[in-house]
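Participant: Please see the structure below; I have some questions.
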Amino acid sequence: LRFVSDQLGMDVNWINATRTATIDKPFQKITGISFLKDAKAPEIVIKTTGEVSANSYYIGGADLGGKNKLVLDLPNTQLSMGTGAILDAAGKVYVGIHELGISAVHGEQLTKNPLKTRLTIDMDEKQGYEVITEKNQLRIRFINSIVDIHTETLYGAETVVIKTVEEPKYNVQFWQGKVIVDIIDATLKVNGGKSSNFKVEKGGLDYISYSQLDPSAEYEVGDSIARVVVTLNDQASLDNVYIEHIGTDLYVYVAGNPLNNFDYAKDAVDQSHLSLTALYPTTMSTNYDQASRTVTLKLPIEAIALSEFSEKLDDNLVESVAVTTTATEYILKVVLDAGAEYSNLTPAGETDTFVLMFKNTALKFEPFISKLVVIDPGHGGKDPGAIGGGGLDKEKNLNLAIAMKLKRKLENIGFKVYMTRDYDAYIGLYDRAYIANDLQADAMISIHINSSETALPSGIQMLYSNTHNQSKGFANTLLGNVMAFATGALNKGVVERPNLVVLRESKVPTAMAELGFLSNPSELIRLRDEAYQDQLVEGLYKGILQFLK
């Protein structure tokens, strides 16, 4: 290792506690921290004696409590700000900013053997960022990023989902069968920032292209504009396209506004509401069938404009909701989850606003309120993981799909959930474990799909390391519950894997779920299936509940 690192101009360091050798950029000092004010893309500049590397992750205060903060770890560096440096109450280096949504920077010597500097940036609100490495400085540039573009069916409408890191600012143009969406003050991170396109050919969509736009023709020089172009086919019309953003995600509905005059939202872990807005005051008939737990609402078809759809919500309050039409009526069916109740808050007589409230009071007393689980979807970005189906199926994508389903189920009963990634991003193995450690999570689950050189092996396996004395018990509990739901899957048992980085470096109860084999054709078909993914998620969910009760 030392010979190779010498040839590359790197340093070899040793972590005695875990008997780990690290290869780092040469030792440098952190000599200054400053703020460059730019309303479009402000920057924090870290002055160094030479080139350094940085690992970073973001913690959202709204999701996990506390402040929004960006954490950067700089290996093989020493904080050397001089005797005049300002310190905060905890004795850390402090640089106050209080501008453009950025509060302050705190610096500390996190470890001395090996050396590691940690910088924590407090923010008033979630902001996108990119880390730019230069010869004698590190620049943290705060700018929105486009991190994922995909299609999915939402409320019965084929939809383009553009995922950004912070709430997007955007312009929209319609031209010759194309929807042109420009995200302002944003950089393209999809496909490594390279322009590309992909075919869709369903639901009115033909193909989607994206690029980092040269702003000189349409915007000011120096603007950063990411452009997404949605091309419709002959079955769709620009008149029926509807665009909105919810949080950090931007939605382009090809079949109009599926939620026109319809709104469903959770108000708390144990409560949600559904509201309908009519075109003029009218009456609504309501019926509840206790056996099927179904609320049926009927409204005159001329009194309200709705779209037909069927959607599974499964949030421990409402199981599903569907809108259908007859010649004279809209019929809305709401199926309640077991234990949920509803009340009609609509005033008597004719009105143009109808409101139903749903409650599941048992959720308020769940023992999981505020417990924190870290979900780690394995691989991502430049690391696809195992590949199956002749190259069509990548482990990283299946891992993420299953992880996102698990996240929703846990949050619906009050868990706090941190995802090491919620889009196709590369996260270092050590970083995954360090995040769980820093957050002092109650448990961490790393989700993977297995593979083999032959097509024969199949089955589900849980891996653990004895780094934490509860990890083996966690793995056993997960496996028992998953096998109860994963019909027909082979039980490959619980196996100790002390040298896997994510397991070995974690200081919280951690298990790695290997949920099948991409290399087995019949198991791959099951892993692609949404219903089978739901079974796996239900088992993982029940296992986490049993372990943390």
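The values are calculated or read from the model by the stated rules, or taken from the named source; none is laboratory data. From a predicted model like this one, the values you see are computed outputs, not experimental measurements. Areas reflect the complete protein model, heavy atoms only, side chains present, ligands, DNA and RNA absent. Shrake-Rupley method; radii C 1.70, N 1.55, O 1.52, S 1.80 Å.
Participant: To test your reading of the geometry: what angle, between 0 and 90 degrees and rounded to tens, separates the Cα axis of helix 429-439 from the longest principal axis of the chain?
Facilitator: Between the helix axis and the principal axis of the chain, the angle is about 70 degrees.
Participant: Helix-derived [θ] at 222 nm for the chain: sum -39500 (n - 2.57) over DSSP H runs of at least 4, divide by residue count, nearest 500?
Facilitator: Taken over the chain, the calculation gives -4500 deg cm²/dmol.
Participant: I've got another one for you. Tell me, what is the Rg over Rh of the chain, with Rh the Kirkwood radius over Cα pairs?
Facilitator: 0.99
Participant: Per the 1.4 Å probe, what fraction of the accessible area of the chain, in percent, lies on carbon and sulfur atoms?
Facilitator: 49
Participant: If contacts are Cα pairs under 8 angstrom and at least 6 residues apart, what is the relative contact order of the chain in percent?
Facilitator: Contact order relative to length: 8 percent.
Participant: Express in whole angstrom the spacing between the alpha-carbon centres of the range 152-204 and the range 206-249.
Facilitator: If we compute the Cα centre of each part, the gap is 6 Å.
Participant: A further question follows. Using θ = phi - 60° and the Karplus curve 6.51 cos²θ - 1.76 cosθ + 1.60, what whole-Hz ³J(HN,Hα) does each residue of the range 136-150 get, with Gly and Pro shown as x?
Facilitator: Those phi angles translate into 10, 6, 10, 10, 9, 9, 8, 8, 5, 9, 9, 10, 7, 9, 8 Hz.
Participant: With angles folded into 0 to 90 degrees, how steeply does helix 530-548 sit against the dominant principal axis of the chain? Use alpha carbons for both and round to 10.
Facilitator: Tilt relative to the chain: about 60 degrees.
Participant: Hey, another quick one. For the range 414-538, what is the accessible area per residue in Å², given a 1.4 Å probe and the full set of protein chains?
Facilitator: 40
Participant: Enter the angle in degrees (range 0 to 90, nearest 10) between the Cα long axis of helix 395-411 and the first principal axis of the Cα atoms of the chain, meaning the one along which they spread out most.
Facilitator: It works out to around 70 degrees.
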